[in-house]
Amino acid sequence: MGTEKETGSNSYENNIKGSSYIIKECTLESLEGVIEVNEKELPEDYPYFFYKSILDNFPESFLTAVNNDNKIVGYVMWRVERIPSMNNLKIINKGHLVSIAVLNEYRRKGIASKLLEKSMPKILEKKINEYVLEVRVSNYGAIDLYKGLGYKIDSIKKKYYRSFYIFIQACLVFGYCS
């Protein structure tokens, strides 16, 4: 599936806490805006081809939040991995939350929740058995967000991130986990 297709029918308008924005599928033209949000808000930097690969393979679950000025203020991107289950050695499809970020001035307006709410069913269409993500143990806001969506802490691993030493792996418990 290519990235050149029009996705205008896959957008959602939102008015939450005084902030108006639209959630829509990422396009090739919006990748630069996604990269800008990532570089401003997260310590992980990915090369352009990494974003492009996710967009090419999982466009329906690579979403952006765009404000009234058509500026990207947040994004979420998922991929599917075939790896062993957290609960046994059976090879399964895992919906891996690769990255989610919202510009600092747009946080606490429900944008991250809406990005996840709209993207999780899309990645589920890929016949996943589990959702997984990693988050720094010091990122309390993100941990609260994920717990509010039904994720649970599965494990803590040391030295996962370069500059931080622990992460939390989570699995959504809406009956999708093996």
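Please state which one of 117, 81 is modelled with pLDDT of 90 or more, of a type outside the set (Ser, Thr, Tyr), closer than 18 Å to residue 57 by Cα and within 16 Å of the chain's Cα centre (by Cα).
81
Looking at the stretch 41-54, which of the residues that are in contact with a strand residue (DSSP E or B) (Cβ under 8 Å, 6 or more places away or on another chain) and touching a residue at least 40 places away in the same chain (Cβ under 8 Å) is farthest from residue 80 (Cα to Cα)?
Among those that are in contact with a strand residue (DSSP E or B) (Cβ under 8 Å, 6 or more places away or on another chain) and touching a residue at least 40 places away in the same chain (Cβ under 8 Å), it is 41.
Does residue 67 satisfy being surrounded by fewer than 18 Cβ atoms within 10 Å (Cβ to Cβ) and either farther than 22 Å from residue 145 by Cβ or charged (D, E, K, R) (or both)?
no
How many residues are crowded, with 18+ Cβ neighbours inside 10 Å and at pLDDT 85 or above when one looks only at the stretch 125-137?
Here the count works out to 1.
Can you say whether residue 140 is farther than 23 Å from residue 57 by Cβ, over 16 Å from the mean Cα position of the chain (by Cα), exposed (fewer than 15 other Cβ atoms within 10 Å of the Cβ) and modelled with pLDDT of 80 or more, as far as the supplied structure shows?
Yes, satisfied.
The values are calculated or read from the model by the stated rules, or taken from the named source; none is laboratory data. Just so it is clear, the structure is predicted and the values come from calculations on it, not from any experiment. Using ideal geometry, Cβ is built from the backbone for each residue, glycine included, and neighbour counts are taken over all protein chains shown.
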